[in-house]
Amino acid sequence: KEMVCSDSLAGTLDALNEAFFYGRPLSGAQAEEVARRIAGRQVKSGAWAGSFAPAEYDYQEGVRLFTGERLRTRLAARNVLTAEAARALVLLDVAPDDVQGTRERAGRWLLEQCFSCGCVAGECAHSTVGLMRYLAAGGSGEAERRLNAHVVALSQRRDGKGRWQGFPFYYTLLALAETGLPLAAEELRYARPACERALKRPADSDPFHERRRAVVQRVLNS
């Protein structure tokens, strides 16, 4: 997928996350170019300073998570895309000072939001999972402590059927699988029955179906 010729923040991050997920390498030049493109979407002043601004096109089309779940509010779209953008800059690991400064500002912004302290009201749950992906990528010096706290909070939302109340199922599986933490492994074991049921469902026309199957298969194979 094209990663450097679109004004869509959501589209750029989706293509980049697909490359990360399937292990498709980027050249050094490509990594620096896409990092600068992402950094260019950061808000520099005002109440949203430090976050990343989706394009109006993103709002019009509707933002979907990497695993396909739709975000219903503009606030969640900004929160999750900021977490995903910050995560992408960590994983791209390019050296220019302006990119490093962008990454640091985004990290501070994320850790100041209510969802970083356990709020899971409405789509703050989705924002929390985006933050967990950022932390799992090494986005904070306190990543392990913070991740464990989020996993404990998640465990308290179990619905008894292998899912979590209010949380996007496949996106949450993806985040848990990325942490590598024992507490996260416990949640993935809890989710195995729901994963097995999901894997038995026939393919449909949803373009995210194959990604979801791949996430579920990784959980079941872990």
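Every number here is computed from the coordinates shown, using simple stated rules; none is lab data. This one's a predicted model, so the numbers in the text were calculated from it and none came from an experiment. Please note: Cβ atoms are built from the backbone with ideal geometry, for glycine as well, and neighbour counts cover all protein chains shown.
A few notes on this one:
- The charge dipole of the chain, taken about its Cα centre with unit charges on the Cβ atoms of Lys, Arg (+1), Asp and Glu (-1) only, comes to about 740 debye.
- When every Cα-Cα distance of region 17-118 is counted in 5 angstrom steps from zero, the calculated P(r) takes the values 2, 12, 22, 23, 21, 14, 5, 1 percent.
- Distance-filtered residues of region 64-83 - backbone nitrogen under 15 Å, label point 7 angstrom along residue 209 Cα→Cβ: 68
- Taken over the chain, the convex hull of the Cα atoms encloses 119 Å³ per residue.
- Size descriptors for region 167-222, from the alpha-carbon set: Rg then Dmax equal 11.0, 35 Å.
- Across region 11-75, the fraction of Cα-Cα pairs farther apart than 17 Å, rounded to a whole number, is 52%.
- Length released on extending from residue 142 to residue 196, taking residue separation times 0.36 nm less the Cα-Cα span: 16.1 nm
- Computed [θ] at 222 nm, helices only, for the chain once each DSSP H run of length n ≥ 4 contributes -39500 (n - 2.57): -19500 deg cm²/dmol
- Mean-square fluctuations from a GNM of the chain, with a 10 angstrom spring cutoff on Cα atoms, peak among 173, 181, 147 at 181.
- Using alpha-carbon coordinates, inclination of helix 169-179 to the longest axis of the chain, degrees: 70 degrees
- Think of the chain as having a plus end and a minus end, set by charges on the Cβ of Lys, Arg, Asp and Glu; of 160, 181, 139, 160 sits farthest toward the positive end of this dipole.
- Computed from Cα positions, the angle between helix 74-92 and the longest principal axis of the chain comes to roughly 80 degrees.
- Cubic angstrom per residue, convex hull over Cα atoms of region 92-206: 128 Å³
- Rule-of-thumb Rg ratio for region 121-180 [Cα; 2.2 N^0.38 Å; N residues]: 1.04
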